[in-house]
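Trainee: Handing you this structure, nothing more for now.
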Amino acid sequence: MAGLTIDLNIYADEPALIDALLAGDKHACACMVKHHGSQMYAVALRIMGDADEAEEVVQDAFISACSKMASFEGRSKLSTWLYRITTNAALMRLRKRRNDTVSLDEPQVMDEGDLLPRQLGDWNVDPGRQALSQELLQVMEAAVETLPPSLRAAFILRDIQGLSTQEAAEALDITESALKVRLHRARLALRERLAGYLAEQSQEMAL
Amino acid sequence: MSTHNHDHDHGECRKLLKDLSDYVDGDLDETLCAEIERHMDECDNCRVVVDTLRKTVLLYHHLPAEPMPGDAELRLFRRLDLDAFVGVS
């Protein structure tokens, strides 16, 4: 069976890898793809909600990254730069899918009234201690897909991929305060959607 | 925040709502934290919202990533003209 034959340990650290990438070293490009491919695929899959399109996004993103390596200025981590390229590729593809009829930033969800929490039941779930059921995982994934793309991308980068506020803002080319606003809106919307499921579960357990 | 069970001004719930993400992240200054905590002592609904918002964030921190399928990774390498790194084992 075909597999990959790459030694990931030949570059001492990220600066050494970047030097090799800038020199056009194919082994360095293979290392970058092997090392970061899965992270970028995870982001693309959650933004697109479709495995085939996620694969195409990742291909487009790495082609773009390899061809414009010279534009990487080293001010951010390589992964942040790749997240930026991948997120852009995904959002561009979504925009095409929508046939340019709807701006990705509109509707941003929600006027202020939409942000007001309506589901106010408590949840009997301890995220740190218990394994999450398949059903809950599906509810969580489906909830992310309902977010408008700009909020979805902010949430995926910050809360699922675990980028810092600064890194996520850099990846989306927005200010940190704009990132925080999007994140807050996304979290409130997701809380509301999960509440429909988790509050009901907690009530059933209490019966 | 709710439409019922409130014996105080809803405006205070609304005013604090915009800061709850920063509060959950520990990014809020001490004065505002104290204001939110004082409010939560009096407002069960806001206490539940903060608790469930925090749980929402934690739940997503534990959401497992689906790895890139092996055949998709191979197609990626081929598309990037990195066939030299694809071998047969």
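Bear in mind these aren't lab numbers, they're just calculated from the coordinates by the rules spelled out. Every value quoted in this text rests on a predicted model; they were computed, and no experiment measured them. Positions of Cβ are generated from backbone atoms using ideal geometry, with glycine treated the same way; all protein chains shown enter the neighbour counts.
Trainee: Could you tell me the calculated FRET efficiency between A:Gln134 and B:Arg79, based on Cβ-Cβ distance and R0 = 30 angstrom, to the nearest 0.05?
Mentor: 0.35
Trainee: What nm value, rounded to one decimal, do you get for the distance between A:Arg95 and A:Glu145 when each label is placed 7 Å out toward the C-beta?
Mentor: 2.4
Trainee: Something else about it: Calculate the length of the line joining the C-alpha centroid of the range A:14-77 to that of the range A:119-179, in whole Å.
Mentor: Value for the Cα centre distance between the two parts: 23 Å.
Trainee: Contact order normalised by length for the range A:112-206, with contacts defined as Cα pairs under 8 Å and 6 or more residues apart; what percent is it?
Mentor: 46 percent.
Trainee: Hey, another quick one. Please give the helix B:70-79 orientation as an angle from the longest Cα principal axis of chain B, in degrees from 0 to 90, rounded to the nearest 10.
Mentor: Approximately 70 degrees, to the nearest 10.
Trainee: List B:Asp51, B:Asp71 from most exposed to least, where exposure is judged by having the fewest other Cβ atoms within 10 Å. Present the calculation step by step, with values, prior to reporting the outcome.
Mentor: Working: B:Asp51 14, B:Asp71 11.
In order of increasing Cβ crowding within 10 Å: B:Asp71, B:Asp51.
Trainee: Which of A:Glu192, A:Glu53, A:Glu141 moves the most in a Gaussian network model of chain A with Cα springs under 10 Å?
Mentor: Highest fluctuation among the options: A:Glu141.
Trainee: Work out, in µm²/s and without decimals, the Stokes-Einstein translational diffusion coefficient of chain B at 10 °C, 1.306 mPa s, Rh from Kirkwood over C-alpha pairs. Please list the in-between numbers first.
Mentor: Values: Rh = 16.8 Å.
Rounded to a whole number, D works out at 95 µm²/s.
Trainee: In a Gaussian network model over chain A where Cα atoms closer than 10 Å are linked, find which of A:Ala54, A:Ala30, A:Ala42 has the largest mean-square fluctuation.
Mentor: A:Ala30
Trainee: Next question, about the same structure. Can you pull the mean other chain C-beta count within 10 Å for peptide A:180-191?
Mentor: Per-residue shielding by partner chains comes out at 5.
Trainee: Hey, another quick one. Around B:Val86, which amide H atoms from residues at least 5 apart in sequence, or from another chain, sit under 5 Å from its own amide H, with H modelled in the peptide plane?
Mentor: Placed amide hydrogens put A:Thr5 under 5 Å from B:Val86.
Trainee: Would you mind checking the pairs A:Lys68/A:Lys180; A:Lys68/A:Lys96; B:Lys18/B:Lys55; A:Lys96/A:Lys180; A:Lys34/A:Lys68; A:Lys180/B:Lys15 and listing those with alpha carbons more than 25 angstrom apart?
Mentor: A:Lys68/A:Lys180; A:Lys96/A:Lys180
Trainee: Next up: Per-residue mean of other chain beta-carbon atoms within 10 angstrom of the beta-carbon, peptide A:165-172?
Mentor: Taking the mean over all residues of the peptide, I get 0.
Trainee: What's the exposure ranking of A:Met40, A:Met32, B:Met68, A:Met92, going from fewest to most Cβ atoms within 10 Å?
Mentor: Neighbour counts put them in this order, fewest first: A:Met92, B:Met68, A:Met32, A:Met40.
Trainee: Another question about this same structure. Out of A:Asp52, A:Asp173, A:Asp60, any idea which swings most in a Gaussian network model of chain A, alpha carbons joined below 10 Å?
Mentor: Of the options given, A:Asp52 has the highest mean-square fluctuation.
Trainee: What is the percent of Cα-Cα separations in chain A that go past 21 Å?
Mentor: In whole percent, the share of Cα-Cα pairs in chain A beyond 21 Å is 60.
Trainee: Kindly express, to the nearest 10 degrees and within the range 0 to 90, the angle between helix B:44-61's C-alpha long axis and the longest C-alpha principal axis of chain B.
Mentor: On a 0 to 90 degree scale, this one is about 10.
Trainee: Report, to the nearest 10°, how far helix A:26-48 tilts away from the longest principal axis of the Cα atoms in chain A, using its own Cα long axis and a range of 0 to 90°.
Mentor: The two axes meet at around 20 degrees.
Trainee: Still on this structure: Give the relative contact order (percent, whole number) for chain A; include only Cα pairs under 8 Å separated by 6+ residues.
Mentor: 22
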